[in-house]
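Novice: Can you read through this structure? Questions will come right after.
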Amino acid sequence: MIIDKADVIVTSPDRNFVTLKITTSDGVTGLGDATLNGRELAVVAYLTEHVVPLLIGRDPARIEDTWQFLYRSAYWRRGPVTMAAIAAVDVALWDVKAKVAGLPLYQLLGGASRTGLLTYGHASGKDLPELFDSVRDHQEQGYKAIRVQTGVPGLRSIYGIASNATFDANSGVRYDHEPAQRGALPAEEDWDTRSYLRHVPTVFEAVRNEFGPEIPLLHDGHHRMTPIQAARLGKSLEPYDLFWLEDVTPAENPEALRLVRQHTTTPLAIGEIFNTVWDYQQIIREQLIDYVRSAVTHTGGITHLKKVLDYASQYQIKSGMHGPTDISPVGMAAAMHLGLAIHNFGIQEYMKHGARTDEVFRQSFTFVDGMLHPGEQPGIGVELDERAAAAYPYAQAYLPYNRLADGTVHDW
Ligand code: EZ4
Ligand code: CO
């Protein structure tokens, strides 16, 4: 059996997704997610121009060898475009291998270590009443753990706040808070760290008073603070017992977490924009984090993320795989199989995709009482309806960016 064909499929049902489809000489197909939000076509070109020609004729069974070949033969290593492209090939080959074996992928990764995956969803509101409604709505959907993002007085529009606070699968606007907005230019948002640092603890106090001590709560700082500001936030949130505080400082300088760690016992998560084990090397070894945020899609696939998580397991650091809507159903399925199999699973981020996306990607996972399970279909359990996909062509979209009051560009 050889790889006969590899197609790169771009579709934009609710947002842009890039999918690699590998077809073998025996007619077995495998899918891999290559979506890089706001920079989708760079990965399309990397795959189409430089990777697909190298795949044709290769043995699809040789997953590790193909990974090492793509990674090392490029000479130019790492980076989100390269690693998303390699991830797509890797997951597509695991999908093929599991289909050939007639087993759901998690069985090839060691079998299930648990009955399902604890998830968290994204509640948000520009003020407390809106936020409380959104938390309640998530609880009604079954979510047992909830991320809380809040508006800040004086700031117009900031990361993580949905304009529709409650879930409506048919509204077509549910991606407002994951806003790679369609259009020729990125939207501009505003930011002020001092207002944010003053406001956020009051919101967590109110949420704990309203919803009690049990519910695991999470929060995302989205790389906007300096180390000392992040240390203060971690400390001021300690009374509210967070499950984790995410991405407090910019990802380029993981060492900044040393200072944060010194000052707070609030658990820390980072890594959604990391793409190799080397980004994690120091912070895992020095035990500066509690959760690894990488997605299968952006970290070289199952093969590479498994290595990161096995390394993390030596230090009791757990998985917290990235699962916003810009991870396609293919990428989410891959995450579910990996999460079900590894011992050091922590939690899975899960935002529901829209109805159009679910029509394009036929999925076999279940979401019951806040727990995900990838299902028992051979492979990863996702098929792409190419006719449905073709009805939604690529639409240019950019993530927003931030400016401070004086006009300075800030981390978003
Ligand atoms: O902003 O995936 O924790 N989740 C996040 C996401 C990211 C988007 C960027 O494409 O931070 O909402
Ligand atoms: Co995040």
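The values are calculated or read from the model by the stated rules, or taken from the named source; none is laboratory data. Predicted, not measured: the structure shown is a model, and the values here were computed from it. Every residue, glycine among them, receives a Cβ derived from its backbone with ideal geometry; neighbour counts consider all protein chains shown.
Novice: Can you say whether Arg182 is within 16 Å of ligand 1 (Cβ to nearest atom), surrounded by fewer than 16 Cβ atoms within 10 Å (Cβ to Cβ) and on the phi < 0 side of the Ramachandran plot, as far as the supplied structure shows?
Specialist: yes
Novice: If we keep just the residues of region 303-336 that are among the hydroxyl-bearing types (Ser, Thr, Tyr) and either part of a helix (DSSP H, G or I) or within 16 Å of ligand 2 (Cβ to nearest atom) (or both), which is nearest to His122 (Cα to Cα)?
Specialist: Thr325
Novice: Just to be sure I understand the filter: pairs with C-beta atoms under 6 Å, separated by 6 or more residues or on different chains, first member in region 115-131 and within 13 Å of Gly346 (Cα to Cα), second member assigned to a helix (DSSP H, G or I). Which pairs pass?
Specialist: Between residues of region 115-131 that are within 13 Å of Gly346 (Cα to Cα) and residues that are assigned to a helix (DSSP H, G or I), the close pairs are Leu117/Gly339.
Novice: Right, Phe204: surrounded by 19 or more Cβ atoms within 10 Å (Cβ to Cβ), away from ligand 2 (no atom under 16 Å from the Cβ), over 22 Å from the mean Cα position of the chain (by Cα) and aromatic (Phe, Trp, Tyr) or not?
Specialist: Judged against the criteria, Phe204 is a match.
For every residue, the table says whether it meets (1) within 14 Å of ligand 1 (Cβ to nearest atom); (2) modelled with pLDDT of 95 or more; (3) of a type in the set (Phe, Trp, Tyr); (4) under 24 Å from Arg77 (Cα atoms).
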position: Gly221; (1), (2), (3), (4): yes, yes, no, no
position: Glu246; (1), (2), (3), (4): yes, yes, no, no
position: Leu259; (1), (2), (3), (4): no, yes, no, no
position: Thr276; (1), (2), (3), (4): no, yes, no, yes
position: Asp290; (1), (2), (3), (4): no, yes, no, no
position: Thr303; (1), (2), (3), (4): no, yes, no, yes
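Novice: On the basis of being among the hydroxyl-bearing types (Ser, Thr, Tyr), touching a Phe, Trp or Tyr at 6+ places or on another chain (Cβ under 8 Å), at negative phi and at pLDDT 95 or above, does Ser313 make the cut?
Specialist: In short, no.
Novice: Further question: Going by the conditions given, is Gly301 without any contact (Cβ under 8 Å) to a residue 60 or more places away in the chain and under 22 Å from Thr35 (Cβ atoms)?
Specialist: no
Novice: Ok, one more. Those residues that are polar (S, T, N, Q) and either within 9 Å of Ser294 (Cβ to Cβ) or surrounded by fewer than 20 Cβ atoms within 10 Å (Cβ to Cβ) (or both), I need them from region 265-275; list them, please.
Specialist: Passing the criteria: Thr265, Asn275.
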